[in-house]
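The structure appears right after this line, and notes come after that.
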Ligand code: ZN
Ligand code: MN
């Protein structure tokens, strides 16, 4: 089939079929882009890439697909970047660190024993946590500051 031959990667579509997601060629391209993607893309990032293959595709198609996947628990929405929502197809428990300069988000795989004392838990039974770290990535950290001209002083 022509549509299938356009799919470069073979991805497991079972979980998407299970939730009744209509698998249009555009949606397949979105799912293919997300599969195994660890860059935590925004809807805009995904749109930019998939639009190259489907120039008539609208941003709403991307956003609506992401919303369906998020509501069904197949992707995570990250709000660590104050500028835009980011998405993570990896729904296994893990934490994140964001570079405050280039906004790169990477995964942190480590269990943190963070205990909330009973006096502060408001009666909640704590089931887990997601910790967001922020800092400067290696590239941004080693970037040289711009040379200072005389005008600066
Ligand atoms: Zn950075
Ligand atoms: Mn992640």
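The values are calculated or read from the model by the stated rules, or taken from the named source; none is laboratory data. These numbers were taken from a predicted model, which means no experiment stands behind them. Heads up, the Cβs are rebuilt from the backbone with ideal geometry, glycines too, and the neighbour counts pull from every protein chain shown.
Confirm whether residue 136 is surrounded by 13 or more Cβ atoms within 10 Å (Cβ to Cβ) and in the same structural domain as residue 15 (by TED's automatic domain parsing).
Criteria not met by residue 136.
Does residue 101 fit the bill of being modelled with pLDDT of 95 or more, away from ligand 2 (no atom under 16 Å from the Cβ) and closer than 18 Å to residue 39 by Cβ?
yes
Take the residues in the range 113-133 that are surrounded by 10 or more Cβ atoms within 10 Å (Cβ to Cβ) and within 16 Å of ligand 2 (Cβ to nearest atom), then tell me which one is farthest from residue 45 (Cα to Cα).
That would be 129.
Can you tell me which residue in the range 40-83 is nearest to the chain's Cα centre (by Cα), limited to those that are surrounded by fewer than 13 Cβ atoms within 10 Å (Cβ to Cβ) and not in a helix (DSSP H, G or I)?
79
Tell me yes or no: at least one residue of the range 108-118 is free of Cβ contacts under 8 Å to residues at least 60 places away in the same chain, closer than 23 Å to residue 141 by Cα and within 16 Å of ligand 1 (Cβ to nearest atom).
yes
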